[in-house]
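J.: I'd like to ask you about the structure that follows.
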Ligand SMILES: [Cu+2]
């Protein structure tokens, strides 16, 4: 099945989610808790990176599908969107991704996110509560076709995370990979 069809279908389904309840859950820029409140680590300066991991995004998959790091490592992820649609590389727990998917649905409903285009001006619009839909989470890169970005991240503790694309429909279509953080070797 063509993934070209999937996106509009999912958007139509999303209209059943009341916009008011989505706003109540917090705006996109403020909805993740504080940007420093990640349990599994924090963003770091590029100079601190000890290893580079290249990630290619396509419609709708990642290459590679699994990434393994060690607690204590600082990884420079170089992410490139080689697909025909907007894709995201977002590091988080399954619960974080579920919440982010609601926020992304709101971005679609407000015209900030189209299948192959990010309307960055619309994301900066004040939603009436002093918050915007701006996508500036340090654990995420949201990219149009052909774009690249880097995330430098220090992983502080062992555990299992996912890197995922929370553009509506993509996670469910399988655009999610395993990110395992092994205990620090002593
Ligand atoms: Cu995607």
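J.: So for the stretch 163-180 (the condition being touching a helix residue (DSSP H, G or I) at 6+ places or on another chain (Cβ under 8 Å), away from the ligand (no atom under 11 Å from the Cβ) and farther than 14 Å from residue 57 by Cα), does at least one residue qualify?
T.: No, that holds for no residue.
J.: Pull up the stretch 103-121, narrow it to residues that are away from the ligand (no atom under 16 Å from the Cβ) and touching a helix residue (DSSP H, G or I) at 6+ places or on another chain (Cβ under 8 Å), then point me to the one that is nearest to residue 178 (Cα to Cα).
T.: Once the filter is applied, the top-ranked residue is 106.
J.: Specify which of the listed residues (149, 141) is within 16 Å of the ligand (Cβ to nearest atom), surrounded by fewer than 16 Cβ atoms within 10 Å (Cβ to Cβ) and assigned to a strand (DSSP E or B).
T.: 149
J.: Please tell me if residue 159 is within 18 Å of residue 42 (Cα to Cα), at pLDDT 95 or above and surrounded by fewer than 23 Cβ atoms within 10 Å (Cβ to Cβ). Step through it out loud before you land on a result.
T.: Details: within 18 Å of residue 42 (Cα to Cα): yes; at pLDDT 95 or above: yes; surrounded by fewer than 23 Cβ atoms within 10 Å (Cβ to Cβ): yes.
Here the answer is yes, as residue 159 does meet what is asked.
J.: Now a separate question. Could you tell me which numbered condition residue 128 fails, if it satisfies all but one of (1) more than 16 Å from the ligand (Cβ to nearest atom); (2) touching a residue at least 60 places away in the same chain (Cβ under 8 Å); (3) in a loop (DSSP other than H, G, I, E, B); (4) more than 16 Å from the chain's Cα centre (by Cα)?
T.: All conditions are met except number (2).
J.: For the stretch 57-73, which residues satisfy the criterion of being within 17 Å of residue 149 (Cβ to Cβ) and surrounded by 21 or more Cβ atoms within 10 Å (Cβ to Cβ)?
T.: Correct list: 57, 62.
The values are calculated or read from the model by the stated rules, or taken from the named source; none is laboratory data. As the structure is a computational prediction, the values presented were derived from the model and not from experiment. When we count neighbours, we look across all protein chains shown, and the Cβ atoms used for this are built from the backbone with ideal geometry, even at glycine.
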